[in-house]
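So the structure is just underneath, and the comments pick up after that.
The values are calculated or read from the model by the stated rules, or taken from the named source; none is laboratory data. Predicted, not measured: the structure shown is a model, and the values here were computed from it. Heads up, the Cβs are rebuilt from the backbone with ideal geometry, glycines too, and the neighbour counts pull from every protein chain shown. Note: accessible area is taken over every heavy atom of the protein model, side chains too, but ligands, DNA and RNA are not part of it. Shrake-Rupley method; radii C 1.70, N 1.55, O 1.52, S 1.80 Å.
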Amino acid sequence: MRRVIFLGLVLLALTALAACGGGEDAAPISGDSDTEVSLFEELLGTIPDTPDTRKYVMINDYAAIREIFQIPLPGPEAGQPALLEYLTGILGPGAHISQGPFITGLHRDAVSNPRGEYLAFDGRNVDQSVEAGIVPYILEIAWGRFDPAATAQALAACSECPPPENVTYNSVPFYSWGGDGQGDFQNRSGPPAFDELGRGGRIAVSSKFVYRTVETPGMKAIIDSSSGVGQSLADVEEFRLLGQAMSGLGAYAAFFSHETHKISTTPDETVTFGTLPGIQDKLIDEIGKSTLLLPYLAFSTGVGKDDIGPYMALALVHLDAESAEENERRLEKRVTERSDYPEVQEWLDVLEGITSQVDGRVLSAKIRGDSPASIWKSLSVAITPLIPHE
């Protein structure tokens, strides 16, 4: 169940983003294949199925972003200025994506602390990224083109890098620095890959993947799920359907969660955010007094761009097809509703040009315009006026 977060802070942030409306939508949503495994399904297949990963998964497809926005990929001989220009293009405001995980080099830390010389890879090697779980034990995966031997050589040649412990689990070797979740403020942002909390963590490098965790159990879980030994999120029917839907919608970045945007009129012991007096009542009063969706099981939100322009991508998985069909009607009504609360109305005002379809128990939608495309990530951090449900 979605944790409730203070409405005032959420709406203040979203109001600043909702500056202009969307345009007309004339293109149908592309369908998905029952016989092929979509990219998002494949990426979800690398993440272990745990209560924490079901809450938060963020995926970026940089290869698609490069193609859509015509961003050239720097060659291996390109210097730091070319790499910074590439990072600016990928992470700039036009693509509306979330920054990548720490290990990808497509992260704010990479600008001030480039790590390519220590690891023999950086942001130009990464084609997709996955970040899953809850702080502090985030799981990070980078898909792309890597050279494990070059990484081993670079680490061995680094005189200023603390030597790692070399560990092997299920025939997969990985480097380990420090205790589980342990930070060392003496090494904050230090080489080869200590983060801003001084955690060296665990890093596994293969030709196609790089895995990073800050504790050994997380690394073992990724290795198990990626090899098919343990259950992954792609084995969970709701997440598999969401992966298909987001690929069908043409999203190049997406968030997945089973914590839905529930508006409840009764106290809920699972709610850990927004428990100050009156906050839940305010949510119910300001958002919940208009059309609420029927309950759904999990959702995904993302961003895409096609020949018509940018859009927010949205998918909801329901218990049955009847609920999905009813929510298609309710979602279209919700987008056109009016609210007496100015901040809620300003948020709703940018949601124009919706095109939706139902496939079984999955409702998929494109919401057109640069403003909807720019606020898709808000659905990953708070209850919003778009998809609250009973």
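Quick notes on this one:
- Among the residues making up region 161-170, a single one is open to solvent by 60 Å² or more (accessible area, probe 1.4 Å) and in contact (Cβ under 8 Å) with a residue 40 or more places away in the chain: 170.
- Boolean, residue 188 is more than 22 Å from residue 148 (Cβ to Cβ) and of a type in the set (Lys, Arg): yes
- Meets criteria (among the aliphatic types (A, V, I, L, M), under 28 Å from residue 181 (Cα atoms) and touching a strand residue (DSSP E or B) at 6+ places or on another chain (Cβ under 9 Å)) for residue 43: yes
Residue-by-condition table, conditions (1) out of contact with any Ser or Thr (no Cβ under 6 Å at 6 or more places or on another chain); (2) more than 30 Å from residue 176 (Cα to Cα); (3) in a helix (DSSP H, G or I):
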residue: 218; (1), (2), (3): yes, no, yes
residue: 224; (1), (2), (3): yes, no, yes
residue: 230; (1), (2), (3): yes, no, no
residue: 255; (1), (2), (3): no, no, no
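- Test: residue 241 is under 30 Å from residue 317 (Cβ atoms) and either among the polar types (S, T, N, Q) or in contact with a Leu (Cβ under 6 Å, 6 or more places away or on another chain) (or both): no
- Residues in region 63-92 that are open to solvent by 60 Å² or more (accessible area, probe 1.4 Å) and without any contact (Cβ under 8 Å) to a residue 12 or more places away in the chain: 67, 70, 77, 81, 85, 88.
- Reported count of residues in region 135-160, each being at pLDDT below 95 and open to solvent by less than 70 Å² (accessible area, probe 1.4 Å), is 1.
- Criterion (open to solvent by 70 Å² or more (accessible area, probe 1.4 Å), at pLDDT below 90 and among the acidic types (Asp, Glu)) met by exactly one of 24, 42: 24
- Subset of region 304-324 that is in a helix (DSSP H, G or I) and surrounded by 15 or more Cβ atoms within 10 Å (Cβ to Cβ) - its residue that is farthest from the chain's Cα centre (by Cα): 323
- Inside region 198-215, residues that are more than 12 Å from residue 176 (Cβ to Cβ) and free of Cβ contacts under 8 Å to residues at least 60 places away in the same chain make up a count of 1.
- Of all the numbered requirements in (1) within 28 Å of residue 66 (Cα to Cα); (2) part of a loop (DSSP other than H, G, I, E, B); (3) open to solvent by 10 Å² or more (accessible area, probe 1.4 Å), residue 378 misses one, and that requirement is (2).
- Scanning region 151-170 for residues that are assigned to a loop (DSSP other than H, G, I, E, B) and within 28 Å of residue 239 (Cα to Cα) turns up at least one hit.
- Criterion violated by residue 337 - all others in (1) of a type outside the set (Phe, Trp, Tyr); (2) out of contact with any strand residue (DSSP E or B) (no Cβ under 7 Å at 6 or more places or on another chain); (3) buried (at least 17 other Cβ atoms within 10 Å of the Cβ) satisfied: (3)
- In region 171-213, the residues that are within 23 Å of residue 123 (Cα to Cα), assigned to a loop (DSSP other than H, G, I, E, B) and open to solvent by 20 Å² or more (accessible area, probe 1.4 Å): 188, 189, 191, 196, 197, 199, 206, 207, 208
- Among the numbered conditions (1) in contact with a Leu (Cβ under 9 Å, 6 or more places away or on another chain); (2) open to solvent by 50 Å² or more (accessible area, probe 1.4 Å); (3) assigned to a helix (DSSP H, G or I), the only one that residue 332 does not meet is (1).
- Residues being closer than 14 Å to residue 142 by Cβ and either part of a loop (DSSP other than H, G, I, E, B) or at pLDDT below 90 (or both) - total across region 69-124: 11
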